[in-house]
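Below you'll find the structure, written out as structure tokens, and then a few comments.
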Amino acid sequence: MDAAGGRPGEMVTGDGRSSSYPPDGLRHDALLYDDDRDYLDAIRAFVADGRARGEPVLVAVPTHRLAPVRSALAALDGVEFADLAVLGRNPAAIVPTALHRFVRRFPGRRLRIIGESLWPERPPATHRHCVEHEAALELAFAGLPLAARCLFDRTRLPAAALADIRRTHRWLTARG
């Protein structure tokens, strides 16, 4: 059981911290949000915590989310942004391009990445490839000092997509 009372792979509420997270390696979790406020609060908390620790942060979200996210994070420095509707048009390209580029720029440092690779407006034909991206992230960054949080709309994504998310993330957190 983790500090929040759940087991890896189960729904956990709270801030997503867990005593079973690797202290220095990859921490890849999914946060299931309910609405736009939930979404922005989750990003703000994750990014602010990372910046308070001096960690470089990459926020990778689709085009329609960039403006409100930038506004919510305007007071924080050291935050980089990526448009996943462009960089992630082909979900298989997300890890080897934008994410690897960011990680390579900060060798040996603890980093944070928060992103939304699978959003409700994405064409259903891309869902399988987004799931493959999530699994690839586990392999590509295993052992690296990286906290990666993936955001998913639990109210609008299909049940099959949510089931896949549960299979590709060791830890799940639900806001509220």
task: Count, please, the residues in region 146-160 that happen to be in a loop (DSSP other than H, G, I, E, B) and either modelled with pLDDT under 90 or not charged (D, E, K, R) (or both).
output: 3
- request: Kindly indicate whether residue 163 is assigned to a helix (DSSP H, G or I), more than 26 Å from residue 41 (Cβ to Cβ) and without any contact (Cβ under 8 Å) to a residue 12 or more places away in the chain.
  value: no
- request: Would you mind telling me which numbered condition in (1) modelled with pLDDT under 95; (2) over 25 Å from residue 127 (Cβ atoms); (3) of a type outside the set (Lys, Arg); (4) crowded, with 19+ Cβ neighbours inside 10 Å residue 107 fails?
  value: (4)
message: Quick test of your reading of the structure: residue 143 fulfils all but one of (1) open to solvent by 10 Å² or more (accessible area, probe 1.4 Å); (2) in a helix (DSSP H, G or I). Name the failing condition by number.
response: (2)
query: Quick one: how many residues across region 83-102 are surrounded by fewer than 21 Cβ atoms within 10 Å (Cβ to Cβ), in contact with a strand residue (DSSP E or B) (Cβ under 8 Å, 6 or more places away or on another chain) and touching a residue at least 24 places away in the same chain (Cβ under 8 Å)?
result: 2
field: Flag for residue 169 being open to solvent by less than 60 Å² (accessible area, probe 1.4 Å) and over 12 Å from the mean Cα position of the chain (by Cα)
entry: no
message: Checking the conditions here, which among 148, 142, 136 is closer than 23 Å to residue 38 by Cα, among the small types (Gly, Ala, Ser) and out of contact with any Pro (no Cβ under 8 Å at 6 or more places or on another chain)?
response: 148
field: Qualifying residue in region 151-163 (condition: over 20 Å from residue 51 (Cβ atoms), open to solvent by 60 Å² or more (accessible area, probe 1.4 Å) and among the polar types (S, T, N, Q))
entry: yes
- request: Taking the residues in region 113-134 that are more than 9 Å from the chain's Cα centre (by Cα) and among the charged types (D, E, K, R) as candidates, determine which candidate is most open to solvent (accessible area, probe 1.4 Å).
  value: 128
- prompt: In region 81-110, which residues are of a type in the set (A, V, I, L, M) and in contact with a Ser or Thr (Cβ under 9 Å, 6 or more places away or on another chain)?
  reply: 84, 85, 86, 87, 94
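The values are calculated or read from the model by the stated rules, or taken from the named source; none is laboratory data. Predicted model, so just to flag it, every value in this text is computed and none were measured. FYI the Cβ positions are ideal-geometry reconstructions off the backbone, even for glycines, and counts take in every protein chain you see. Heavy atoms of the whole protein, side chains included, go into the accessibility calculation; ligands, DNA and RNA do not. Shrake-Rupley method; radii C 1.70, N 1.55, O 1.52, S 1.80 Å.
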